[in-house]
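The values are calculated or read from the model by the stated rules, or taken from the named source; none is laboratory data. All figures in this text were calculated on a predicted structure; none of them were measured in a lab. So basically every Cβ, Gly included, is an ideal-geometry build from the backbone, and we count neighbours across all protein chains shown.
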Amino acid sequence: MIAIRIRDLSRASLVLAALLAGCGDHHDGSGAADTWTGMNDMLSGLALVDHGLAQYRASERPVAVHDMESGMWRMSQGLSAMRSGLGAMSEQMMSRCGGSRQAWMGPLEASMGELRAGHAMMTDSAATNDADGLARMDKARRSAGDAMSVMSVAMSCMAHDSRGCD
């Protein structure tokens, strides 16, 4: 299910390329590069987490844990880049597209916290926590995918709203 979302969200890269190419003012365009990088990192991290969860279900625990940890690290890097990118964009542009830094980053950061908590439950020494941790990570993964969909729509809006972009 997440693979479909990730494939659909790859269109956001094309939209963000318009911002990077100079559409809009320099203030908004400068944040687009970091936001684009962050979105790509979030998506690739989310794919690794998804793959790790599938491996975990297939009883490939050491590889699964590694993939989940790699994915969460990549997602953390993506969050930092997105925070930086959105910080360089104008509040006016973000509000025209129905949101703000906090409105878009809040759900992503909450999902990241839940992924970490679920992962901690799965990797602690108590095997009884594994099922609850897996369920928590699944829920957080879906929430992160939903938040990335919202972010993709917002970035599309900002690209189309910029001067000179149709």
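At a glance:
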{"read-out": "Count - residues of the range 47-65 that are in a helix (DSSP H, G or I) and among the polar types (S, T, N, Q)", "value": "1"}
{"read-out": "Residue pairs meeting the criteria (Cβ under 7 Å; at least 6 apart or on separate chains; first within 19 Å of ASN40 (Cβ to Cβ) and free of Cβ contacts under 8 Å to residues at least 60 places away in the same chain, in the range 139-150; second among the aliphatic types (A, V, I, L, M) and assigned to a helix (DSSP H, G or I))", "value": "ALA147/LEU108"}
{"read-out": "Breaking point among (1) at pLDDT below 90; (2) farther than 21 Å from PRO62 by Cβ; (3) not β-branched (Val, Ile, Thr), for ALA110", "value": "(1)"}
{"read-out": "In the range 50-68, the residues that are in contact with a helix residue (DSSP H, G or I) (Cβ under 7 Å, 6 or more places away or on another chain) and either surrounded by 16 or more Cβ atoms within 10 Å (Cβ to Cβ) or in contact (Cβ under 8 Å) with a residue 24 or more places away in the chain (or both)", "value": "ASP50, HIS51, GLY52, LEU53, GLN55, TYR56, ALA64, VAL65, ASP67, MET68"}
{"read-out": "Top-ranked residue of the range 69-102 - restricted to ones that are free of Cβ contacts under 8 Å to residues at least 12 places away in the same chain and exposed (fewer than 14 other Cβ atoms within 10 Å of the Cβ), ranked as farthest from MET148 (Cα to Cα)", "value": "GLN92"}
